[in-house]
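> For reference, the structure I am asking about is given below.
Rule-based calculations on the coordinates, nothing more; no lab input. From a predicted model like this one, the values you see are computed outputs, not experimental measurements. Methodologically, a virtual Cβ is constructed for each residue, glycine included, from the backbone with ideal geometry; neighbour enumeration extends over all protein chains shown.
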């Protein structure tokens, strides 16, 4: 029963995402490409808003973090140094009938969950990196990889950023970018995909201060989700035990979210020690030590990492915002997205298509769209127009009515409480800015 309820909720969300233009199955007209998704007109705005919200908090609002955009294709020795070539693997078992592959730890029974046939009992190790070739000749010397994480691009640029940005330890480097993992069993909509976007920050600290900074970043990162509008009761920390801890990490915590399919990782905070810089120093032959002018010490910095998935954050925001309630004998579906990240900030409606109301509404739209994404709609009853924007996650509805013609005020309806108030049309920008 619990699984049916979970599947039903996820199916409703997937349907809403397609219906309202948030997320589409990639290559759908050709039958789709497994675990690949496209962001539609509203989805791309939500994604942009979340990335900008993260960037403002991590880079623009701080003096100790700078940004970077490293290449997806990098020197293959980087992945040898990081351990990805030798160790970035998952065990897998094969179905003898349909040839599908699965992770053993995710199987409830020894049968194939797709066709029910017998599975190969011996698990094989499967490298998760996508391999390709650079240049016209496809030989071993031309092998490169699509990066499985963005962090390594930060580490190998540590000396460049240190010199050009004139930063002193402690300081951080932030990056948003695509990563690729050849996952064996991607599932749960956009929770686990083969192509995804990461929002990562690597904070370089003096050895000995790493525990203090680790606790600091745990507190900062969970607070960020609260600022994003995610309900606190759906968030928790999960500490990695000895059997989960990566070999390079001194400590690791996940921020988990209570998805319909269970508590799952949303973001990782890791104390990576000095492992990464020492490995790149060893493999490249370049000196990656930091010299502290104040203490006259030389050391390889420890790294505190915060690693969030942009696509998972989008899914979390949609799941957390999805509500159904009965209003006047019908089901009202609403996305209670925070106005900070909602794709459309306001819907603008003339009550009727006469008496100059459409002209006034269009003028309001033209004025506001210089600052916000807004949507004009004059089709159908006003209640239906509200419902359409509720489902799209639009926090405010602005209606031009007969009173507007008399005193230049409009009705502003708030999405969640459905309360209404009169606001002067020339004060709308100030009104929305104060709430978004």
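> What's the extension gain from residue 212 to residue 236 if we count 0.36 nm per residue and subtract their Cα-Cα distance? Write down the numbers at each step before the final one.
Working: separation 24, 0.36 × 24 = 8.64 nm, distance 2.01 nm.
Separation in residues times 0.36 nm, less the Cα-Cα distance, equals 6.6 nm.
> Quick check on the exposure proxy: order 265, 297, 325 from fewest to most C-beta atoms within 10 angstrom.
Ordered by Cβ neighbours within 10 Å, fewest first: 325, 297, 265.
> Considering the chain as a Gaussian network with a 10 Å cut-off on Cα pairs, which listed residue, 25, 408, 198, attains the greatest mean-square fluctuation?
So, out of 25, 408, 198, the one fluctuating most is 408.
> Shifting gears a bit: Taking only Cα atoms and a 10 Å spring cutoff, compute GNM fluctuations for the chain and point out the largest among 396, 283, 180.
Of 396, 283, 180, the most mobile in the Gaussian network model is 283.
> For the stretch 361-436, what does the relative contact order come out to in percent, with C-alpha contacts under 8 Å and a separation of six or more?
Relative contact order, the stretch 361-436: 19 percent.
> For the pair residue 114 and residue 403, how long in nm is the line joining their label points, each one 7 Å along Cα→Cβ?
Calculated label separation equals 6.0 nm.
> Going by Cα centres, the stretch 284-346 and the stretch 186-246 are how many Å apart?
9
> I want to check the label-to-label distance for residue 283 and residue 379. Put each point 7 Å from Cα in the C-beta direction and report it in nm to one decimal.
If labels sit at residue 283 and residue 379, their model points lie 5.4 nm apart.
> Rg and Dmax of the stretch 77-197, using alpha carbons, in Å: what are they?
18.9, 61
> Using Cα pairs closer than 8 Å and at least 6 residues apart in sequence, work out the relative contact order for the stretch 171-239, in percent.
Relative contact order comes out at 29 percent.
> Test of understanding: extend the Cα→C-beta vector of residue 430 to 7 Å, then name every residue of the stretch 346-390 with backbone N under 20 Å from that spot.
346, 364-372
> Also, I was wondering about something else. Return the calculated 222 nm mean residue ellipticity for the chain, to the nearest 500 deg cm²/dmol, obtained by summing -39500 (n - 2.57) across DSSP H runs with n ≥ 4 and dividing by the residue count. If you can, show how the numbers build up before the last one.
Numbers: 13 runs with 132 residues, N = 436.
Value at 222 nm, helices only, nearest 500: -9000 deg cm²/dmol.
> Take the chain, connect every pair of alpha-carbon atoms lying under 10 Å apart with a spring to form a Gaussian network, then pick out the residue of 373, 129, 201 with the largest mean-square fluctuation.
The residue that fluctuates most here is 373.
> Roughly what angle does helix 275-284 make with the longest principal axis of the chain, taking Cα atoms, 0 to 90 degrees, to the nearest 10?
Between helix and principal axis, roughly 60 degrees.
> Moving on. Whole number please: convex hull volume per residue, Cα atoms of the stretch 213-337, in Å³. Mind showing how you got there, number by number?
Values: hull volume 17.8 nm³, N = 125.
So the per-residue hull volume is 143 Å³.
> Can you compute the modelled spin-label distance between residue 101 and residue 418, with each label point 7 Å from Cα toward Cβ, in nm?
Between residue 101 and residue 418, the label points sit 5.1 nm apart.
> Relative to the longest principal axis of the C-alpha atoms of the chain, give the angle of the C-alpha long axis of helix 382-392, reported between 0 and 90° and rounded to the nearest 10°.
Taking the Cα atoms of the chain, the angle to 382-392 is about 0 degrees.
> For a quick check: sort 114, 144 by the number of other beta carbons within 10 angstrom, fewest at the front.
Ranked by crowding around the Cβ, least crowded first: 114, 144.
> Of (1) 24.6; (2) 28.8; (3) 23.2, which one was derived for Kirkwood radius over Cα pairs in Å from the structure shown?
(1)
> If each residue's Cβ is checked for other Cβ atoms within 10 Å, how do 419, 316, 409 rank with the fewest at the top? Provide the component values of the computation, followed by the final result.
On the way: 419 9, 316 25, 409 17.
Placing the least packed residue first, the sequence is 419, 409, 316.
> Separate question: Rounded to the nearest 0.05, what FRET efficiency do residue 178 and residue 219 have when you use their Cβ-Cβ distance and R0 = 22 Å?
0.15
> Follow-up question, since we're still on this one. Bin width 5 Å, origin at 0, all Cα-Cα pairs of the stretch 267-379: what percent of pairs per bin?
2, 9, 9, 10, 11, 10, 8, 6, 6, 7, 6, 6, 5, 4, 2, 0
> To continue, here is another question. What relative contact order, as a whole-number percentage, does the chain give when Cα pairs under 8 Å and 6 or more residues apart are counted? Numbers along the way, then the final one.
Numbers: 768 pairs, mean separation 55.0, N = 436.
RCO, the chain: 13 percent.
> Mind pulling the angle between the C-alpha long axis of helix 357-368 and the longest principal axis of the chain? Nearest 10 degrees, somewhere in 0 to 90.
Roughly 30 degrees between the two axes.
> With just the Cα atoms of the stretch 382-430, tell me how far they stretch along each of the three principal axes, in Å, largest first.
31, 22, 15
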